[in-house]
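In what follows, a single structure is set out as C-alpha cells and then discussed.
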Amino acid sequence: MLLRLCLLCALPATALAQTTSSQVELANLREDVRGLVQRVGELSLRVEQLERENGDLRRKSADGARGLATVAQLNDAVADLHRTVKSAVAASQNETLQIVSAQLEKLGKQTNAAFEALAKSQAPRPVAPPPARAESAVPKDPAGGTTYTVQKGDSLASIAKKTGAKQQDIITANKLADPSLIKVGETLIIPGAK
C-alpha cells in the first residue's frame, strides 16, 4: 500500500515535469517561428528591392541599345576627325613657318645693320703701348731698398710676400695709382726688402 501511495505521488511530479518541458519546447518553437517570420519579411523586402533595380537596369539597357553606334560608324567618324586634324595641323605649320621666316629675315637685316654701324664706329685706331717706366723714372728708395722685376702671374700681394715688404710701402715707393695694373717685366722698388 505504501508502494501505491508512493507511485501515486510520483505520477503527478512526472506529469508536471513533462508538462513544463512541453511548455518550454512550445515557447522555443514559437520564438523560432517568430524569428522565421521576421526573416521571411526581410527577404521579401530584399526581393522587392532587387526587382526594382532589375527593372531600372532593363530600362537603362534598352535606352543604351538605342543610342549605340556600330563599329563601322565609329571608324568612319574617327577617320573624318583624323583628316580634319591633319589638315588643321598642316595649315598651322605652314602659317608658323611663314611667320618664323619673316621674323628671321627681319632679324638678319637688323643684325647686319648693327654690325655695319659698329664697324663704321670702330675705325681702326692705333693702339698706343702703355708708357714704360724708365729706370730713371722709378724713384729710388732712400732707405736702400731693392728692385724687383714683375714676373708672369705676380700680383702686388705675391711680390710683397716674396720680398717680405708691405704692400702699401711698395705702392707708395712706386707711386702706383692702381696696384692691380702692374705689368710683366716692370721693375718695382721694394723698400725695406729682406
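The values are calculated or read from the model by the stated rules, or taken from the named source; none is laboratory data. For clarity, every value in this text was computed on a predicted model and none was experimentally measured. With ideal geometry, Cβ positions are generated from the backbone for all residues, glycine too; neighbour counts draw on all protein chains shown.
A few comments on the model shown:
- Hey, residue 72 assigned to a helix (DSSP H, G or I), out of contact with any Gly (no Cβ under 6 Å at 6 or more places or on another chain) and at pLDDT 90 or above or not: no
- Scope region 171-194; condition of a type in the set (A, V, I, L, M, F, W, C), in contact (Cβ under 8 Å) with a residue 24 or more places away in the chain and surrounded by 16 or more Cβ atoms within 10 Å (Cβ to Cβ); matching residues: 173, 182, 188, 189, 190, 193
- Boolean, residue 25 is at pLDDT below 90 and charged (D, E, K, R): yes
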